[in-house]
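These notes are about the structure you will find just below.
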Amino acid sequence: MFQNVCDLIFTPRCRGCQTLGTYLCRDCLAQARPVSRRNIPGVVVAHAASEYQGWVRNSVISLKEGRREATRALAELLVNVARDAGVDSSTACIPIPSSQIKLVERGFNPVQIVLDEAARLAPDVIRVSNSLVHIKATRDSVGLNVHDRRLNVQNAFSVSGGVPPTVVLIDDVLTTGATLESAAAVLANAGAKEIFAIVLCGSRPQGLR
């Protein structure tokens with residue numbers, strides 16, 4: 001109800017092309033080029049809603065910098081790729097938690113607010129489970145090579161509460177896959193049998209276009 005009232009007062013604009021009347025138009029949704037990767041240890045398959053480019057990339061960067069106006073469009077994109085991947089509310093969607101340093105800097109976890117909005121929009125698809133906890137001080141991964149990224153997030157997570165047999169990790173950006181690999185290892189040790197991942201945008205493995 002509150003969202004409907006807001007939409008009447010503040011007409012939404014498509015995040016990609018600024019078309020009035022929608023947060024994400026069909027044309028901009030179609031522009032997102034999905035990426036699927038099966039080369040991340042511990043993860044059956046990781047689905048990226050888009051390559052790291054265009055309006056999706058810009059929206060993710062804007063959100064990570066603290067501007068939340070892209071939240072609804074990114075949530076709609078997340079719901080779309082989750083539906084295509086066969087996810088429903090019987091499967092736990094687990095967000096990658098921010099480090100304490102990033103939480104202090106931003107005041108929120110970008111992945112968490114997008115996932116929470118996606119659950120509000122499509123409760124039949126998205127069920128949030130905050131089973132992962134960030135327990136290690138980590139550096140910003142920008143500029144780190146593959147080896148250093150793995151070391152940076154090694155033993156960075158722990159599990160709080162029970163873990164179902166099948167889970168879906170949710171993150172914003174996929175580059176080397178080191179974060180997903182580290183999180184998957186912890187979840188597997190806690191009892192998860194099948195671990196999938198959905199991210200908002202990601203790079204293709206080298207050599208694939």
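Bear in mind that the values in this text are calculations on the coordinates, not laboratory data. Only a predicted model underlies this, so the values are computations on that prediction, with no experimental measurement involved. Note: ideal-geometry Cβ built from the backbone for every residue, glycine included; neighbour counts use all protein chains shown.
A compact table of results
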item: Residue count, region 144-193 (criterion: outside any loop (DSSP other than H, G, I, E, B) and of a type outside the set (S, T, N, Q)); result: 26
item: Single residue of 191, 107, 177 found to be within 27 Å of residue 71 (Cβ to Cβ) and either surrounded by fewer than 20 Cβ atoms within 10 Å (Cβ to Cβ) or in contact with a Gly (Cβ under 7 Å, 6 or more places away or on another chain) (or both); result: 107
item: Any hit, region 111-123, residues being touching a residue at least 24 places away in the same chain (Cβ under 8 Å) and among the polar types (S, T, N, Q); result: no
item: Residue identified as hydrophobic (A, V, I, L, M, F, W, C), surrounded by 13 or more Cβ atoms within 10 Å (Cβ to Cβ) and touching a Phe, Trp or Tyr at 6+ places or on another chain (Cβ under 9 Å) among 96, 126, 101; result: 96
item: Check on residue 136, surrounded by fewer than 19 Cβ atoms within 10 Å (Cβ to Cβ) and in a loop (DSSP other than H, G, I, E, B); result: yes
item: Where a residue in region 50-76 is of a type in the set (Lys, Arg) and its partner, wherever it lies, is surrounded by 22 or more Cβ atoms within 10 Å (Cβ to Cβ) and assigned to a helix (DSSP H, G or I), with Cβ under 7 Å and at least six apart; result: 64/110
item: Check on residue 144, over 15 Å from the mean Cα position of the chain (by Cα), more than 21 Å from residue 51 (Cα to Cα) and surrounded by fewer than 20 Cβ atoms within 10 Å (Cβ to Cβ); result: no
item: Criterion violated by residue 132 - all others in (1) in contact with a strand residue (DSSP E or B) (Cβ under 9 Å, 6 or more places away or on another chain); (2) over 18 Å from residue 46 (Cβ atoms) satisfied; result: (2)
item: Test: residue in region 5-17 that is among the β-branched types (Val, Ile, Thr), touching a Lys or Arg at 6+ places or on another chain (Cβ under 9 Å) and assigned to a loop (DSSP other than H, G, I, E, B); result: no
item: Checklist (1) among the hydrophobic types (A, V, I, L, M, F, W, C); (2) assigned to a loop (DSSP other than H, G, I, E, B); (3) within 20 Å of residue 23 (Cα to Cα) applied to residue 77, failing item; result: (2)
